[in-house]
Amino acid sequence: MKIAVYPGSFDPITLGHLDIIKRASAMFDRMVVLVSVNTAKSPLFSADERVKMIKEATSDLNNVEVKSYEGLLIDYCRENNIRIIIRGLRAITDFEYELQIAQTNKTFSNGEVDTVFLTTSLEYAYLSSSTVREFASFHGDISHCVTPHVAEMVYRKYGYEAKNNNGGNQNEQQN
């Protein structure tokens, strides 16, 4: 059985992440989306919230499971007999950083773990979780960046209601 892990902070999960998950899940028998817990960062969502968010977004993919993990990715791979890491690339600038991480993981896993790079589909090449958070923090419309459920969760974190497709607040449209 070919198993791959797609690690990330997913704070929040974007349509670009989902693009990579869907494409990778078609290549492997089993796919683990791994929410990385980094105590040095202050994420918008807790690890549990991110796991729930991703589970909802990937509920139609039978071979995808979602977990969280605090520690080294190669340790998670060893503990779960996973030899393939999936990483998404948006632009050439991502490649240098991701290549260094891939080589480090390969070296520290004694050659047991390889990284597969998937380029993001063009319509999502600009998209990042930090961009989504920034737009949402200023009440920007993020409906074309994330699923409706994720948008609702993000807006709620920033203390307002989700916007409808016309860019207005749903309550404003009802009045």
Long-range HN-HN contacts of S68 with modeled amide H, under 5 Å: V35
The chain, relative contact order in percent, only Cα pairs under 8 angstrom and at least six apart counted: 25
Helix axis angle, 47-57 relative to the chain longest principal axis, alpha carbon, degrees: 80
Other-chain or far-sequence residues with amide H under 5 Å of A125's (modelled H): none
Segment K41-E123, length gained on full extension (0.36 nm per residue, minus Cα span): 26.7 nm
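Per-residue ellipticity at 222 nm for the chain, helices alone: DSSP H runs ≥ 4 residues times -39500 (n - 2.57), over residue total, nearest 500 deg cm²/dmol?
After summing the helix terms and dividing by the residues of the chain, the value is -11500 deg cm²/dmol.
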In sequence order, calculated HN-Hα J values of region 34-41 (Karplus, 6.51, -1.76, 1.60; Hz; x Gly/Pro): 10, 6, 7, 9, 10, 5, 7, 9
Lysines whose Cα lies under 27 Å from that of K2, excluding same-chain neighbours fewer than 8 positions away: K22, K52, K55, K67, K106
Between 0 and 90°, nearest 10: helix 15-25 axis offset from the chain longest Cα axis: 40
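Can you give the FRET efficiency for M1 and Q100, using 1/(1 + (r/R0)^6), R0 = 30 Å, r = Cβ-Cβ distance, to the nearest 0.05?
0.55
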Integer Hz, Karplus 6.51/-1.76/1.60 couplings in order for region 113-123, x for Gly and Pro: 10, 10, 10, 10, 9, 10, 7, 5, 4, 3, 5
Part-to-part distance (alpha-carbon centres) for region 5-61 and region 109-142, which is given in Å: 11
Cut-off under 5 Å, modelled amide H: who pairs with G88 long-range: L118
Potential lengthening between R156 and E70 on full extension [0.36 nm per residue; Cα-Cα distance subtracted]: 28.3 nm
Backbone HN-Hα couplings from phi across region 80-96 [Karplus 6.51/-1.76/1.60, Hz, Gly and Pro as x]: 10, 6, 10, 10, 10, 10, 9, 9, x, 10, 8, 8, 4, 5, 5, 4, 4
Coil-residue chymotrypsin sites (Phe, Trp or Tyr not before Pro) of region 10-89, DSSP, other Cβ within 10 Å capped at 13: none
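Rule-based calculations on the coordinates, nothing more; no lab input. Please read these numbers as outputs of a predicted model, since none were measured by experiment. FYI the Cβ positions are ideal-geometry reconstructions off the backbone, even for glycines, and counts take in every protein chain you see.
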